Structure formats: structure tokens, C-alpha cells
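Where a number appears in this text, it was derived from the coordinates with a stated rule and is not lab data. Everything numeric in this text was worked out from a predicted model, so none of it was measured. Note that we place each Cβ from the backbone using ideal geometry, even for glycine, and neighbour counts take in every protein chain shown.
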Number of protein chains: 2
Amino acid sequence: MYRTHTNGQLRIEAVSNTVTLAGWVQKIRDKGFMIWVDLRDRYGITQLIFDEERTPKAVMETASKLGREFVIQVTGKVIERESKNPNMPTGDIEILVSELTLLNPSLTPPFTIEEETDGGEDLRMKFRYLDIRRKPVRENLIFRHKVTMAVRNYLSAQNFVEVETPYLIKSTPEGARDFVVPSRMNPGQFYALPQSPQTFKQLLMVGGLDKYFQIVKCFRDEDLRADRQPEFTQIDCEMAFVEQEDILNTFEGLTRHLLKEINGVTVEKFPRMTFDEAMKRFGNDKPDIRFGMEFGELNHVTQHKDFNVFNQAELVVGIAVPGGNSFTRKEIDQLIDWVKRPQIGAMGMVYCRFAEDGTFKSSVDKFYDEADFAEWAKITGAQPGDLICVLSGNTSKVRAQLSALRMELATRLGLRKPNEFAPLWVVDFPLLEWDEETQRYHAMHHPFTSPKPGQLKLLETDPGNVKANAYDLVLNGNEIGGGSIRIHDKKVQAKMFDYLGFSPEEAKAQFGFLMDAFQYGAPPHGGIAFGLDRLVAILGGQETIRDFIAFPKNNSGRDVMIDAPAAIHQEQLDELNLKTTHSEN
Amino acid sequence: MYRTHTNGQLRIEAVSNTVTLAGWVQKIRDKGFMIWVDLRDRYGITQLIFDEERTPKAVMETASKLGREFVIQVTGKVIERESKNPNMPTGDIEILVSELTLLNPSLTPPFTIEEETDGGEDLRMKFRYLDIRRKPVRENLIFRHKVTMAVRNYLSAQNFVEVETPYLIKSTPEGARDFVVPSRMNPGQFYALPQSPQTFKQLLMVGGLDKYFQIVKCFRDEDLRADRQPEFTQIDCEMAFVEQEDILNTFEGLTRHLLKEINGVTVEKFPRMTFDEAMKRFGNDKPDIRFGMEFGELNHVTQHKDFNVFNQAELVVGIAVPGGNSFTRKEIDQLIDWVKRPQIGAMGMVYCRFAEDGTFKSSVDKFYDEADFAEWAKITGAQPGDLICVLSGNTSKVRAQLSALRMELATRLGLRKPNEFAPLWVVDFPLLEWDEETQRYHAMHHPFTSPKPGQLKLLETDPGNVKANAYDLVLNGNEIGGGSIRIHDKKVQAKMFDYLGFSPEEAKAQFGFLMDAFQYGAPPHGGIAFGLDRLVAILGGQETIRDFIAFPKNNSGRDVMIDAPAAIHQEQLDELNLKTTHSEN
């Protein structure tokens, strides 16, 4: 062992002991006759002192040539510091070095290895191994480990069994795009990497393993939006002989345990809200309920006057911004510009100041009177001093726009507190959602989700209104988990595939094994999957998942550190019976 | 919840309670007026009773139509059994059923769902979800979970951090063959699936995360021998600021903990043996030391007579088979045939019976006398009643042959006891091994393994004799883990790549990021990786890894249950800029 202690370990009690430490040179102060070095490792920083009166000459000389990020090993006596540093756990002591070994020198790193670095995102990714030396990144990775250990120990104690499902499976063109893996031993054939272990966990339920979980990598070959990764990690769970209520209780238990164990936060029973209610109250199926600004639907108090914009709108809806009356005209104009940006897409925004003296002043004063505005205030819950922001138009679009505005305002007003946790179950999701592009309904969760009891027949007459036994767990405005009770009846599953446009042949080719399995005594079952990357980020009080992934990929799906993907050798392609057509284009 | 209790839970204390159970119909005894059903789930079996005098008529009628593997839910009263079954934990009670719900019927399963099944391997794999209902398979999966939990909790308590490394990495044609993944977003380029996270764990050490582990899937596109899987699981570990001794102690600790926690077996300090000694004493670098039959090298007591076969041999080597004198002539002839099989490849076998009365009788009596045989016995450790088996020829071949014979005999003699555990460190592996095919030296572990201190210069003069800081952990004749102290100096690594035949350009293209990293203060580091599939099988007292994998692939790399790999759609190939050349052949 290169060390007797770590650099985070020594305290005043160790004074006069001889110790050996190893680590990286964080900082050097060289006064010639005296040199101080901050020695860093994963556990902390310890100050070394080299002193021409007490340190051997050769050691002194080596010390004078050290540079940042050199790896060294030192032996010396622990002494009490003259000027203690109360901000460091090891701040009471320093090491008077008597032996120094240079284990490995270092080039000057391309950015500073400090809590706040001068390195940009690209540089930090290219030298990720140096970025990981920085405390925030390191602590994020350790934090992730703590969360996964807590998840595993909790579920294991509840009799869940972690089962590894295969990574080399079969491509199912439905849903997102698969990554595929050519098979050399089966020429012309391909494996696919799993988008999730969905069918395998259902087969485990058919196999009688009634409580399954797995922390598992999943893969989706999608064009990457910000903060999406082609490979991501799920906490994947499934239970048999359960109803929706059992799943909600079980995983509410898990989440409550994590909040308690990881964050020290006690949360009572999680509120529940139907999808319809969430859309109505927050314009969003994953509302952040840490703060108010709930939607107030204003059709009946706005469509009785001559304001055509509102009169022609399917939905007129507003929120009350707390203290928003203090916004300047310029600030409000900026808000209007903000909602008109193409990413939001609103045509405009009506506002109404609710002054402290109880009077109103609005951008539509010529259409409405004080009584109207008083109604608006009542419905949106506005108090004197607030600002009412109103959008109008197509229901689903205007809800999305106002929801975006609500989140933006909450962020600006500091209402999205990272250390406050507001979980929420959103239930009764629609079974299907309309896809504009293909002009047909698609499964909102996936084709294995069961409709609510008795609603199957609605599929023929009113498909958009069929509700599913599907639920999401929302935390602070992020979907951290989602799942459903599954179909376990072959006939229902066949009907669902049929409805979703699978021919019987396609259904059989892709999911025949699952439908076969349903014939041999499939139990009722359901489950949930959590997005681990996001869950960890949110528990860590942050929202950027990349900061919690050791070696993330960029938005082109590239690992810029190892420079992957890359061309492969012609012999590899030949062995796989493959040709790339790219160079021919 | 579909049940108040599991089928393994109820005891005599529950009598007269009303309970609800759910599960699969394991067995039915229908006497008309009375029907007994064994109800099974993951936790056990509970007997149900339907009795025309006490059970509602409609329930009785449904019960009479049940079949094997039907999924049912029952409510009833717990009653004391008249004839108790002491072999079942629930054998004191039965459930007098008052309500019965058929949750899902079942076709007759293609094989019996019993501990011993009538289903062949192929059928069981195709219907793996039914195979998993069988207790031995289910228990193996639960056992695997217990082992991984024990590993994680032990390492986590030792300050190891589990870090997820990426699955979409870069192909490195050195070593085994990679599975590759075409990149749609980077046309003409490919990711590779990791054969191990080797370079990433080394980068984590450079990144200062000085104790890393990960239980992780790895991939190798090799022609599959029996009991090899294209995807397999490793317990992958790495430590910084350590020497070989630290790694051995740490992971000896882990293994000892597993043996204690999982198997209740206490093992003292693990013995250590150099690679050279293992080859000499057991002909094998992963000797099973649960039993003797150590090799005795007999050159000097066999090459002084006129027996040309021995005189021309590089090595003459024998083992003493305990009690082997009792083998019949026919049994010995069968052994000779066994070693002559092409898989073993010996030219023949000389044997010598050591009778209880101290006399010898051999197949080479005309060349050797009693004094010679007494020497053979002394050297092989034969006792009266044993049989000495002697092979001769090229050293490395004859060692492999005799090692195979030793293992075969031990199996036949019942010396390989599944509940006895004999771990062993094999150390000082050669750095390089000669490859007949390419007529050059290859890295025996991998190109990142460091030579023993001071041996680097031997590379030029006597490469085959360079020893590495490399070690294997052997358990009961199986390599369960292997690792090494790594190179952490850029110049040494460059030299090693050069020696192994990488051009500087190739080394840079494939491993440039690692060599770059070594310039920024790489600490001394080393690690080990355990094959989880095999480790679990051995701890479970078995040797077939497939029985401990939920959804294994067959020897052609196929998942016969889901029928993968399979052809993919033309549009998928087009999007990937790929053409298969197979159909054109």
C-alpha cells in the first residue's frame, strides 16, 4: 500500500505520528526556504510542509520541482499547524515531510482541477478523467453509487430479486429506434440492444418470480435533445398478483425511503392526480407542485366581450404570478417576447396587474372592466400585488405554452428550490395518443399497457378517451418513473396489437413469444421503471443528468474522450457480411 | 393485492384464519366428492381442499375444471390437516376454499414443472419462462441475486464506488472479437460493445476514484464453446495506490466473505502458488486443490532404461490415483482410451498397480523393475492400493493431458465435492504467451499488464520468461477471477504496444486517450475481474453457468425463446447506411 492514511483522515489527535500519504499536488506555495503543498485524493486535502531547516536537502530539492497534478508519495510527521484552517477537516495539522517519492509527473492540465473550473464543457468532456478529479463531479458519482445501493438494499429487503436480462435481443421497430448489432455467427441477422427489458420482465412474471427489479442500461437511437443520452440507466421493476394500488404503494415506499436516507427529507403520503386534472390545473402531465400558479380557465369570464382573440380561442387560461405587479413594463414585455419565441410558440400574452390597492391595470383594458378582472383574479387565485398572465388558443397548445411560462417564472422567482421535494403520482393516463405525423393513435406508454377495466370496448367508438392503468411518478416537475398494469390475456394483447396496426404476422414475428407465454398461465402483473440518471440528478438537487454520468456522450452521440464511434477494419465488416454504403454516397 | 399470504407462509398458528392466496395449480387430486389442489408460487406450496359438503357448489364445479399451471386466486379458511406432511413447511395446514377465481387458464405445459423435469434442454430454453417456474432454476436466480447483493454491500462498505462505464465504446481489434454497433448519426462509423471496461476503469483511477467496482455485462463475439456466452457478467474492480499484495488481500477478503455469508464456510488464508509451480505440480494454471494426485516428474527414474517412448520424451510425469489398484483391467483400458481421445490427445498411457502387499504390476514390466517402480511411487506419493498413471511427451501438451486425466479421475472418484471450497491464488503469470498461429508473442492477460519490476529489459532477450504482476483467483479448479497491476507510465505502455506489434499510429488510434491520460498524473493502480456467472455457479455447488443465467443463449449465440438474432427491416439498414452481403453469396 502506498499510504497509511488518506488525505481526508488526519486530525489533531494524530500529531507526532509518522504517516505516509499519496495523492495529487493540488497547490504549491514556494517561499524558497519553506514550501507548502496541498496534497489531494478522493477523500480530501492534507497540507504538506517542506522546510529547509527540518527537511532533508534532497527532499527539499525534489519538492521545489513539483507541479500541479504531479502524483507523489510522502512520509513525514504529523504536526500541529501554526495557523489552523477551520474550513478543512484536516485543517488543524500538516505533515512535515521527510521522504518524498515522485510517482508520476503531470503535464499542466488543460483546465484547473478546482471546484469551479475554467474549462469549458467540450474540454472537460475530452479530458473527462481530469474532470472527475474535480470535487463536484467526483461527489456526483459517489452520490449516484449511494442512491443505487439504497435502491438495491430497499428492494432486496422487500423480497425483490434483481435478475439480469439479456442485452443482445431482437429488434422491434415499433416505438423508438433500436441500436442493432450484426451477428457474425448468423449472417444477415441482427441483435438489437434493449430499449428496456419490458418483455423479459413480463416473462419473469409469467415465470413466477413475482417481484423483479434490475438497474440496467437501456438504449435508444434517437436524435438527441439536450440532456438525452443514447444509453441510459433504468431502475426497472415488475410485480405479479398486484393491482395498481399495490404498485403505487410499493414504489412510493421506495421513493420515500430514498428521500429520507439520501436527503434526510420526510415526505408524507404522496398526492395523486389524474392525468386530466394535471393537464387542467398545470397544463402538464408532470407538474411541479412545489409552488402554486395553478391554471385558472377563464373562458366564461373572457368570452362575453368584444375581444376576438379570446372569443375565438378554444381555451383562455391564466396564472397569477405572485408579486408580479412589481415587474416593470419592460420586464413584462420581455415575458411576452419569451412566450412568443418559436420554442414556446404563443401568439401573444394578455396580462393584468393586480395592484396592492386592489385596482387592476391590463393590456386589454378597453375590452374588460374591473368586475371582469376581479373574476379573473378570483379564478386564478391572484392576490393584490400579483400579475395575471393569460394565454389563449388551441387547448393542448395553450396549456403547453402556459405551463412553460409557469416553470420559467417559477425559476426566475426562485420557487423551484432544489432542496424541497414534492413527489406526485399522476394516474389514469390515456391508453392512446394521437400522432399527427402518421395520423393514427399510438400506445401512449407501450402496447402492453392494459386499459382500465371495462374500457376495452371504447376502443372502437372513442379511442382517445380510453384510460389506462398507467401512472407516472413526478418529482419536482420531472417524470422520474412511469409504468402500468400490463395485459396478461392473450386475446386482449392480440386485440391491442391489431388496434395499433400490427398485422397478425407482425405481432407474431415480434412478440409471438410473449403471446405464447400468456397461454401458459400468465398472472396479473404490472410494473414501473425509473430513469436513474434523472432521479439521481434531482435527488442531488440538480437537473443536468450529464453531471451524474461518468462518461457521457455529446449531442451527436459521440464519446469525445475515446473518439467513438469510429470506422472499423474492412475485415470486421467482411466477417459480418456487411458493407457500408456511406462512402458511395 | 391478489393475496393476503404467499404459498410458503402459513403455519399451524394460522388455523381458523381466513386467507386469500394466489398462484399456479401444481397438482390436482380429484376424488369427485373431494378435490385437493397444490397451489404454488415462488415461496412454496400450500394445499387447497374443496369438499362437496363444505364448499359452495359453484366453486366445486370450477375446481373440477382446473388444470396444471392454471393461475387461480382462492379465499378460504386455514384448517389443520388430517394427515400432515412433515416435508413441507406448510404441511400442517390446508385451505378449505370458499371462493375461487380463475385468473388465467393454461395450456398443458410442454414439460412438467417439477424439480426434475421431463423437458430436454432445447425445449426448456424455448419455454424458458416455464423453466423458471421450476424450483431449481428459480432458486439459482435468487441465489445469484444474493451473491451480487453480498458483493455490492461488502465492496461498498470497503469504500468502493460502483461506477457505470459506457456500453457504446470503440472497437479494438486486438484480443477477442468485438460486437459492433453501427452509428446512424455518424454514418460509416461503429461503436463496439465492451469486452470489459478495462480502459475506463483505468481512467477512473487516473481520475482519482481510487476504489472502483462494477457488476457489468461484457461481450465477446467468439465461437462459443460449451458453457460460454456471448454476453457475460463481470465483477470488475480497480484500485489506485496499491501493490499486488493489497489487491490480493482485498479480494481474498471479498471471497472469504462470500464463502462465509453465502455458503457458511470459513476459509483461512488462501494459499498462493506461482504459475510455474502450478504447472509443475498440477499441469494447469487453475488447479483444483481439493484433492491430491499431484504430478510427479519421473524423467530421472524412467529414462535410464530401454523404454524409448519415455527416453524420447521431454517430460515423463505421473499421478497416483488413490485406491486405483482396484480398477479392473477393463477400467484401466477405458482410461487409456479416454486419454487417447482427440480432445485429450495422448499417444498412450503407462500404468503401474501398487498392490496392497507392496508389489508392483505395470504395463512396462519388461523395461523396469520393482526398485524403479518404488521410485515412481515415492515421487508420485503412491500408497499401496493406488494406481500410478504416467504420460509422456512434449512438456506443455503432456501436462495438459495429465491434468485432464487428473480432473476426470477426481470426478469419477467423487473427490470434487461441491460443498468443499479450496481457493488458491496463482501468481507470477508470464507477461506473454506464444501464439502458434501468428508465430509471435501476445499479451497473456492484456497489453496493460505491467511486467515485474526490473524485468522489462528481458523483453528483448528472453520474452517468454518475463513475469508479470498478474494473478488469478482459482476456486475448485476454476479461474473465478484474474487481474494485474497495470502499467501507469506512458513510455512503458508505448514500449509494450510496440513490442506487441502495434504501430505507433495504431496504438494512438486505439489507445491514445489512455496514453494521453498517463501524462496527467496517473497513479499506480491495478485490479481484478471476477466472472460472475461462474462464481455464482461454483458457490451454488454447480459448474454449468447456463443454469444461473435467466435467459441464456445457445451455442450458436441464439436466444431460441425470442428467436434472436433475426433479419431487420430494409429501412433500418438504409438508415444505418448498411448493406448485408450475405444474400448475395
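Below is a table of values for the structure above.
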read-out: Long-range HN-HN contacts of A:ALA422 with modeled amide H, under 5 Å; value: A:ASN476
read-out: Residue order, fewest to most beta carbons within 10 Å, for B:SER362, A:SER83, A:SER98, B:SER64; value: A:SER83, B:SER64, A:SER98, B:SER362
read-out: In order through the stretch B:125-130: 3J(HN,Hα) via Karplus (6.51 cos²θ - 1.76 cosθ + 1.60), integer Hz, x for Gly, Pro; value: 6, 5, 10, 4, 5, 7
read-out: Average other protein chain Cβ within 10 Å of Cβ, residues A:128-135; value: 6
read-out: Long-range amide H partners of B:TYR441 with built H, under 5 Å; value: B:ASP435
read-out: Shielding by partners - mean other protein chain Cβ count within 10 Å, residues of A:208-216; value: 5
read-out: Rounded, prolate or oblate (a/c below 1.5 giving rounded, otherwise prolate when a/b exceeds b/c) for the protein assembly as shown by Cα gyration tensor; value: oblate
read-out: Percentage relative contact order, chain B, counting C-alpha pairs under 8 Å, at least six apart; value: 13
read-out: For the stretch B:14-19, 3J(HN,Hα) per residue [Karplus equation, 6.51 cos²θ - 1.76 cosθ + 1.60, θ = phi - 60°, Hz, x = Gly/Pro]; value: 7, 3, 6, 6, 9, 10
read-out: Mean separation of Cα contacts under 8 Å, 6 or more apart, over the residue count of the stretch B:113-181: relative contact order %; value: 18
read-out: Trypsin sites (Lys or Arg not before Pro) lying in DSSP loop within the stretch A:355-463, provided at most 13 other Cβ fall within 10 Å; value: A:LYS366, A:LYS457
read-out: Of the chymotrypsin sites (Phe, Trp or Tyr not before Pro) in the stretch A:18-113, those whose Cβ has at most 11 other Cβ within 10 Å and which sit in DSSP loop; value: A:PHE33
read-out: Phi-based couplings in Hz for the stretch A:44-55 (Karplus 6.51, -1.76, 1.60; Gly and Pro marked x); value: x, 10, 10, 8, 9, 10, 10, 9, 4, 7, 10, 9
read-out: Loop-resident sites, the stretch A:1-82, for trypsin sites (Lys or Arg not before Pro), counting at most 12 other Cβ within 10 Å (DSSP); value: A:ARG11, A:LYS31, A:LYS65
read-out: Average beta-carbon neighbours from other chains, 10 Å sphere, peptide B:227-240; value: 2
read-out: Across A:LYS269/A:LYS491; A:LYS490/B:LYS135; A:LYS170/B:LYS135; A:LYS217/B:LYS553; A:LYS27/B:LYS170, pairs whose alpha-carbon gap is larger than 31 Å; value: A:LYS269/A:LYS491; A:LYS27/B:LYS170
read-out: Shape of the stretch B:478-520, Cα gyration tensor, a/c cut at 1.5; value: prolate
read-out: Rounded if a/c under 1.5, otherwise prolate or oblate - the stretch B:252-395, Cα gyration tensor axes; value: prolate
read-out: Ranked list, fewest to most other Cβ atoms within 10 Å of each Cβ, for A:HIS569, B:HIS525, A:HIS445; value: A:HIS569, A:HIS445, B:HIS525
read-out: Order of B:TRP434, B:TRP338 - criterion: other Cβ atoms within 10 Å of each residue's Cβ, fewest first; value: B:TRP434, B:TRP338
read-out: Qualifying aspartates and glutamates (Cα of each under 16 Å from Cα of A:LYS77; at least 8 residues distant if same chain); value: A:GLU13, A:ASP38, A:ASP51, A:GLU52, A:GLU53, A:ASP92, A:GLU94, A:GLU99
read-out: Mean-position separation - Cα centroids, the stretch B:1-30 and the stretch A:1-40, in angstrom; value: 64
read-out: C-alpha center-to-center spacing [the stretch A:286-318, the stretch A:193-265] in angstrom; value: 37
read-out: Nearest residue to the symmetry axis between A and B, taken on chain A by its Cβ, in whole Å; value: A:LYS579, 2
